[in-house]
Amino acid sequence: MVANESPELVRLYTTYTAGPDAIGRSLGRAVADRDRDAPLIAATSTDIALYPGTGRPPSVEGFRKSTRGFKELAAVSHLGPALATLVTVRAMGDGSWRPDAERLLAEVKAARTANSVELWRDTIAVEAYRGREQAIADMIDYCCAVTARYLTTALADEDHLTAETLRADYLEGGPVPVNHVMIATFFLVGLDIGHRVTRWFRSQDVDWARAMVVIAGQQGRATAGVTWNTSSVATMILGASGHRLPLERMYLAPHAPTFASPTGGDLSEVSALEPHLRAIWAGTRATVELGEVMFDGYPRFAPGAVAFPDVGDPGVTEVSEMPVIHSADDMRAMVTRLRVVLEDPRQLLSGCVTDFAVASLAAAGNDPARVTVPGLTGVRYPTDL
């Protein structure tokens with residue numbers, strides 16, 4: 001016992017709260033036993049595991065880095081921030097921007113050469129992109145071309161490398177603004193992930209009213225995705241459930257353990273985590289359920305939908321949440337979201353339009369071919385630059 005503590009009161013504290021056999025933990029174990037046959041869904045930053053309950057083996061669906069096309073589209077999504085980074089580094093007087101620009105230019109040219117409709121149709125071959133391969137290849141060819149042109153100009157005249165020219169000549173200018181390319185690439189990733197996860201959940205016949213959901217570990221940057229309305233993984237699961245999952249049964253646990261993406265069909269690591277993840281959910285739920293026992297008659301907490309601000313009015317200059325997207329043509333809202341995910345440390349960078357993609361899929365009966373892809377559908381990308 002340390003100085004300045006009362007051993008009797010500390011023992012009283014550990015009796016309920018902190019000891020391995022604490023009364024509070026007993027309640028958590030009782031809740032876990034009560035719900036042992038309920039489905040548990042555990043999502044990491046790359047995979048979703050479904051534990052059916054009563055000791056039955058889990059199944060896993062990967063949805064991000066291990067999936068086809070993600071890295072290729074992300075590479076194009078990142079070209080805008082890459083050029084903005086070079087602009088910023090140069091403005092700081094750091095000469096490292098030049099070798100970085102030369103390296104980026106070489107990789108952009110190589111990527112443009114490798115890009116083709118055959119690559120997207122026959123090699124990457126994403127089911128959700130079927131029928132769009134030519135449009136995707138044209139978009140990437142165009143984006144690589146205008147990126148190479150901007151870099152070449154900047155390397156010849158470094159005074160061209162400014163925030164003003166980046167916006168006017170690249171992000172917002174040209175036959176098609178690169179801002180629209182970034183929206184299209186982010187949307188395509190969300191379209192593919194949403195389509196596969198929705199189909200997978202439908203095949204599992206999840207009892208959503210009883211489902212226990214834990215979103216485990218770090219999602220994106222260290223400060224991001226820790227609330228319902230800033231987690232694109234939460235958005236995806238809610239959308240895939242057809243919004244049948246009660247929001248109050250989903251817990252975000254950034255400090256919970258995670259499993260590595262399974263390889264070769266080995267689910268041993270995934271299975272080993274089930275008791276611990278169930279304990280996390282049950283322990284959290286146990287505290288929640290005390291509210292009704294202790295404070296019946298007082299207003300209860302009810303998680304509500306986030307209020308999305310509307311940026312349709314040009315006079316709106318600031319937002320504190322992601323703005324509402326009215327349609328696939330609402331580029332002001334979607335490009336504003338690109339800015340928000342950079343400036344708001346709570347947001348996942350890749351999640352700027354995931355909710356819109358999932359909602360669009362739901363409206364189309366999970367048929368990607370019926371979804372309008374903003375920045376791609378009906379857009380002609382020049383390929384002769």
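Computed values, structure above
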| item | result |
| --- | --- |
| Verdict on Arg132 being more than 24 Å from Glu102 (Cα to Cα), of a type in the set (Lys, Arg) and surrounded by 20 or more Cβ atoms within 10 Å (Cβ to Cβ) | yes |
| Qualifying residue in region 77-93 (condition: farther than 30 Å from Glu164 by Cα and at pLDDT 95 or above) | no |
| Helices (runs of 4 or more DSSP H) lying entirely in region 1-103 (those with 3 or more residues that are within 18 Å of Gly283 (Cβ to Cβ) and of a type in the set (Lys, Arg)) | 23-34 |
| Residue in region 217-239 that is without any contact (Cβ under 8 Å) to a residue 12 or more places away in the chain, among the hydroxyl-bearing types (Ser, Thr, Tyr) and not in a loop (DSSP other than H, G, I, E, B) present | no |
| Filtered residues of region 270-289 (kept if of a type in the set (A, V, I, L, M) and touching a residue at least 24 places away in the same chain (Cβ under 8 Å)) | Val270, Leu273, Leu277, Ala279, Ile280, Ala282, Ala286, Val288 |
| Sole exception among (1) at pLDDT 95 or above; (2) within 30 Å of Thr113 (Cα to Cα); (3) part of a helix (DSSP H, G or I) for Phe356, by number | (2) |
| Residue that is nearest to the chain's Cα centre (by Cα) [pool: residues in region 153-172 that are surrounded by fewer than 16 Cβ atoms within 10 Å (Cβ to Cβ) and not in a helix (DSSP H, G or I)] | Glu172 |
| Unmet requirement for Val76, which otherwise passes all of (1) among the β-branched types (Val, Ile, Thr); (2) surrounded by 14 or more Cβ atoms within 10 Å (Cβ to Cβ); (3) farther than 14 Å from Ala148 by Cα; (4) out of contact with any Leu (no Cβ under 7 Å at 6 or more places or on another chain) | (3) |
| Matching residues in region 47-73 - criterion: being surrounded by 14 or more Cβ atoms within 10 Å (Cβ to Cβ) and among the basic types (Lys, Arg) | Arg64, Arg68 |
| Region 249-278: number of residues that are out of contact with any Asp or Glu (no Cβ under 9 Å at 6 or more places or on another chain), surrounded by fewer than 16 Cβ atoms within 10 Å (Cβ to Cβ) and among the aliphatic types (A, V, I, L, M) | 2 |
| Filtered residues of region 279-304 (kept if among the β-branched types (Val, Ile, Thr) and either surrounded by 12 or more Cβ atoms within 10 Å (Cβ to Cβ) or closer than 13 Å to Ala32 by Cβ (or both)) | Ile280, Thr284, Thr287, Val288 |
| Of all residues in region 47-69 being farther than 14 Å from Leu277 by Cβ and at pLDDT 90 or above, the one that is farthest from the chain's Cα centre (by Cα) | Arg56 |
| Residues (of a type in the set (D, E, K, R) and not in a loop (DSSP other than H, G, I, E, B)) located in region 190-212 | Asp192, Arg196, Arg199, Arg202 |
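The values are calculated or read from the model by the stated rules, or taken from the named source; none is laboratory data. All values derive from a computational prediction rather than experimental measurement. No Cβ is skipped: glycine too gets one built from the backbone with ideal geometry, and neighbour counts run over all protein chains shown.
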